[in-house]
Amino acid sequence: MRPSGPPSLLLTRLLLQDFRSWQVLEAHFDAPVVAIAGENGAGKTNLLEAISLLGPGRGLRGARMSEIGHRAAGAQRPWAAAGRFATPHGAFDIGTGSDPEGASERRAFRLDGLPVRTQADLADRIAVVWLTPQMDRLFQEGASGRRRFLDRLAWALEPSHAREVAAHDNAMSQRNRLLAGGHADPAWLAGLEDAMARHAVAATAARRGLAGRLNAVMAAGTATGAFPGARMDLLCPIAAALADQPALAVEDTLRAALVADRRRDAAAGGAARGAHRADMALTHLPKDQRAEMCSTGEQKALLISTVLAHAALIAEARGFAPLLLLDEVAAHLDQTRREALFAALVTLPAQSFLTGTDAEVFRPLQGMANRFRAAPGNLMPEGETGSR
């Protein structure tokens, strides 16, 4: 089944200059699915990282600026990435990169050639969600990775969410430093605890809103195709409190608890309560089994189900779907699941970028996707391309 029209947000051109292994690249896309095959080390993940950096945040690797520029003769060069996007309302360009003069460690952004004041300004235009092989252990490792995954999904639905999380974490860091010093001004601490409480409740409300709306889409099953139904649950005392109490009451309770916890938090070196303590769980609905108890293939299927549903949700809520970056996504999928994924992607209102080592895996996409073969420093069209 093919959808009636193209994605409402389509990356049509990608330009790279001294970005990791890519010294120079100009690539053009006109399809809803872009499949890139190549051996390990060919630069496939670097391409996806470059696309991820066109949106808000630190990209799919969370890399520092000093790690991105291409190295030649032992020196790192300034780097740049730029994308042109087509929408029903016209095209726009986003560019990002390091300061070519080396005067700033901060990443620079431009929108249609003009400087962008904050990354949050980009969130009105673009959202990006990804799955990488490193996320295959999302349910076996600590809560921080799951929380980052959750927050990326929430950010795409509610762009102000990133500011709430950042403001909470900033207030918490200042409070931690004051407590560690041992002689903090109580009024100063109270101000920081007030900020922590307000921003923690706002961030948690956005996470709850995402989970509720996402669960409704996943329960309907229309966006996830043959992938298993899933349910997202927040493991968070603040979220539990918001289910029963008004937000202002939850803020008051958290603020009082932070005051009471000062001595304990000073001894522990960090706050025991706050938005940073949240966790996320996925449940495999047909088996009524938590993701951490499922097989690796089932966990991958649950994550795919979640991002497919998320793309459909964002398209409905915001008028454009996020770009989906799926790095080595077929690694733990059998042939039936791969075919189900491809069928879902070509009907989704989102543009998807897939990578893999075996070009044959992407053969079923012939005629529906732009297919490329990556080699070090080179990206070559392969086979038939098309757009829906």
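Of note:
- Taken over the range 236-249, the criterion of being under 14 Å from R208 (Cα atoms) and in a helix (DSSP H, G or I) is satisfied by P237, I238, A239, A240, A241, L242, A247.
- Among all residues of the range 124-134, there is at least one that is under 22 Å from the mean Cα position of the chain (by Cα) and farther than 30 Å from L333 by Cβ.
- Test result for A311, within 24 Å of the chain's Cα centre (by Cα), within 30 Å of P364 (Cα to Cα), surrounded by 19 or more Cβ atoms within 10 Å (Cβ to Cβ) and at pLDDT 90 or above: yes
- Single residue of G182, G225 found to be loosely packed, with under 15 Cβ neighbours inside 10 Å, in contact (Cβ under 8 Å) with a residue 60 or more places away in the chain and on the phi > 0 side of the Ramachandran plot: G182
- The range 357-388, subset farther than 23 Å from D18 by Cα and of a type in the set (K, R), residue modelled with the highest pLDDT: R371
- Every condition in (1) more than 16 Å from the chain's Cα centre (by Cα); (2) among the basic types (K, R); (3) part of a helix (DSSP H, G or I) is met by R148 except one, and the failing one is (1).
- Residue in the range 70-91 that is out of contact with any helix residue (DSSP H, G or I) (no Cβ under 9 Å at 6 or more places or on another chain) and under 27 Å from D136 (Cβ atoms) present: no
- Number of positions in the range 117-136 that are assigned to a loop (DSSP other than H, G, I, E, B) and either touching a helix residue (DSSP H, G or I) at 6+ places or on another chain (Cβ under 6 Å) or closer than 30 Å to M293 by Cα (or both): 2
- Residue in the range 201-214 that is hydrophobic (A, V, I, L, M, F, W, C), touching a Gly at 6+ places or on another chain (Cβ under 8 Å) and closer than 30 Å to A344 by Cα present: no
- Filter pass, R213 being crowded, with 19+ Cβ neighbours inside 10 Å and not polar (S, T, N, Q): no
- The number of residues in the range 47-76 being surrounded by fewer than 17 Cβ atoms within 10 Å (Cβ to Cβ), part of a loop (DSSP other than H, G, I, E, B) and over 18 Å from the mean Cα position of the chain (by Cα) comes to 2.
A quick yes/no check of all residues on (1) small (G, A, S); (2) in contact with a strand residue (DSSP E or B) (Cβ under 6 Å, 6 or more places away or on another chain); (3) more than 25 Å from T87 (Cβ to Cβ):
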{"residue": "E292", "(1), (2), (3)": "no, no, yes"}
{"residue": "S295", "(1), (2), (3)": "yes, no, yes"}
{"residue": "Q299", "(1), (2), (3)": "no, no, yes"}
{"residue": "I314", "(1), (2), (3)": "no, no, no"}
{"residue": "A317", "(1), (2), (3)": "yes, no, no"}
{"residue": "L348", "(1), (2), (3)": "no, no, no"}
{"residue": "N378", "(1), (2), (3)": "no, no, yes"}
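- In the set (1) surrounded by fewer than 17 Cβ atoms within 10 Å (Cβ to Cβ); (2) among the aromatic types (F, W, Y); (3) in a loop (DSSP other than H, G, I, E, B), the condition left unmet by F139 is number (1).
- Candidates L189, L248: the one that is touching a residue at least 40 places away in the same chain (Cβ under 8 Å) and farther than 19 Å from R146 by Cβ is L189.
- Exclusive hit being in a helix (DSSP H, G or I) and either out of contact with any strand residue (DSSP E or B) (no Cβ under 6 Å at 6 or more places or on another chain) or under 28 Å from L282 (Cβ atoms) (or both), set D252, D233: D252
- All conditions but one from (1) part of a helix (DSSP H, G or I); (2) within 23 Å of A216 (Cα to Cα) apply to L324; the one that does not is (1).
- Filtered residues of the range 329-356 (kept if outside any helix (DSSP H, G or I), of a type outside the set (A, V, I, L, M), modelled with pLDDT under 90 and under 20 Å from L9 (Cβ atoms)): P349
- Every residue from the range 184-224 that is of a type in the set (G, A, S), within 20 Å of A309 (Cβ to Cβ) and in a helix (DSSP H, G or I): A206, G209, A211, G212, A216, A219, A220
- Between A35, A81, A91, the distinction of being surrounded by fewer than 21 Cβ atoms within 10 Å (Cβ to Cβ), touching a strand residue (DSSP E or B) at 6+ places or on another chain (Cβ under 8 Å) and in contact (Cβ under 8 Å) with a residue 60 or more places away in the chain belongs to A91 only.
- Restricting attention to the range 77-116, the residues being modelled with pLDDT of 85 or more, hydrophobic (A, V, I, L, M, F, W, C) and in a loop (DSSP other than H, G, I, E, B) number 2.
The values are calculated or read from the model by the stated rules, or taken from the named source; none is laboratory data. None of these values were measured; they are calculated from a predicted model. Virtual Cβ from ideal backbone geometry, glycine too; neighbours counted across all protein chains shown.
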